[in-house]
Each structure stands twice: as C-alpha cells, then as structure tokens.
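Below: one structure, written as structure tokens.
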Amino acid sequence: QVRLVESGGGAVQTGGSLRLACAASATYSDIKARGWLRQAPGKESEFVGSAWWVGSSTHDADSVKGRFTISGDSAKKTVYLQMSMLKPEATAVYYCAATEDYGAGSYASRYNYWGQGTQVTVSS
C-alpha cells in the first residue's frame, strides 16, 4: 500500500507562487511515475503534469507550460510542483497521484494511488 499526502497549498495573490509537495508514507518500489491533477468545484478534473520516478521524462499540460515545474527527490520519496505566475483560474484542489504505468500520462484512470488533495486559491 502507498499513501500520498499533499502539502503546500494555500491562498496567494495573482502573480504569486506556491510550491506543492507530495510525500509518500511507504516505499515507491512499484511506482513508475507520479502526476498532479486539479479539480475546481463543479468541474472535471484537469491534468497538470507528470514525471517518471526513474528517469527525467516529464509531461506538462499546455495550460501550465512555462509556469509550473515538476521535480522530485527520490531519496525523500517526494515530488514537487512549483507554481509561479499564478492566475485566478488556477484555483482548485490539487491532487498527487502515483502510477505503476509509465504511459499513464494525462489519463487519470491509469493512476493507482491518490492523495486527498490540497487547496490552492488565487485571488485577484
């Protein structure tokens, strides 16, 4: 079993920055990649980005390219989402997810483990 816990969410002004972290409560021996997805109230979830745990391959959504960066620390079993130049439309609950499938990408159904999410609110 793998338990994921997100942290780092909060309220920020437009143009500000936040750094989200996703920590694991167990080893990631079977995990191949982790991703970030977000969901605003009443809306469908939206893929943000993902990264292979072993290797440097990343996949970022077009809506956040150039502003959001995914990185990880395998020793700490933690993945980060650095968000800059935040806009009000980025307001959502951000979820960390892990998968045993290298090809999961933006497909939520391919992720095997999910965190509880962390709220990000961007005000104007």
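Quick look at the numbers
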item: Selection count, region 1-59, where residues are of a type outside the set (D, E, K, R) and at pLDDT below 85; result: 18
item: Any hit, region 63-80, residues being open to solvent by 30 Å² or more (accessible area, probe 1.4 Å), under 10 Å from the mean Cα position of the chain (by Cα) and in contact (Cβ under 8 Å) with a residue 60 or more places away in the chain; result: yes
item: Residue tally, condition within 24 Å of residue 17 (Cα to Cα), part of a loop (DSSP other than H, G, I, E, B) and touching a helix residue (DSSP H, G or I) at 6+ places or on another chain (Cβ under 9 Å), over region 99-124; result: 1
item: Counted residues, region 81-124 - those being exposed (fewer than 14 other Cβ atoms within 10 Å of the Cβ), in contact with a strand residue (DSSP E or B) (Cβ under 9 Å, 6 or more places away or on another chain), closer than 14 Å to residue 37 by Cβ and among the hydroxyl-bearing types (Ser, Thr, Tyr); result: 1
item: In region 31-56, the residues that are among the charged types (D, E, K, R) and within 23 Å of residue 121 (Cβ to Cβ); result: 38, 43, 44, 46
item: Any chance residue 80 is assigned to a strand (DSSP E or B), within 16 Å of residue 2 (Cβ to Cβ) and either modelled with pLDDT of 90 or more or among the acidic types (Asp, Glu) (or both); result: no
item: Some residue of region 29-45 being assigned to a strand (DSSP E or B), aromatic (Phe, Trp, Tyr) and either open to solvent by 50 Å² or more (accessible area, probe 1.4 Å) or closer than 16 Å to residue 115 by Cβ (or both); result: yes
item: Of residues in region 48-62 being open to solvent by 30 Å² or more (accessible area, probe 1.4 Å) and outside any loop (DSSP other than H, G, I, E, B), the one nearest to residue 2 (Cα to Cα); result: 52
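The values are calculated or read from the model by the stated rules, or taken from the named source; none is laboratory data. This is a predicted model, so every value here is computed, not measured. When we count neighbours, we look across all protein chains shown, and the Cβ atoms used for this are built from the backbone with ideal geometry, even at glycine. These area figures cover heavy atoms from the full protein model, side chains too; ligands, DNA and RNA do not enter into them. Shrake-Rupley method; radii C 1.70, N 1.55, O 1.52, S 1.80 Å.
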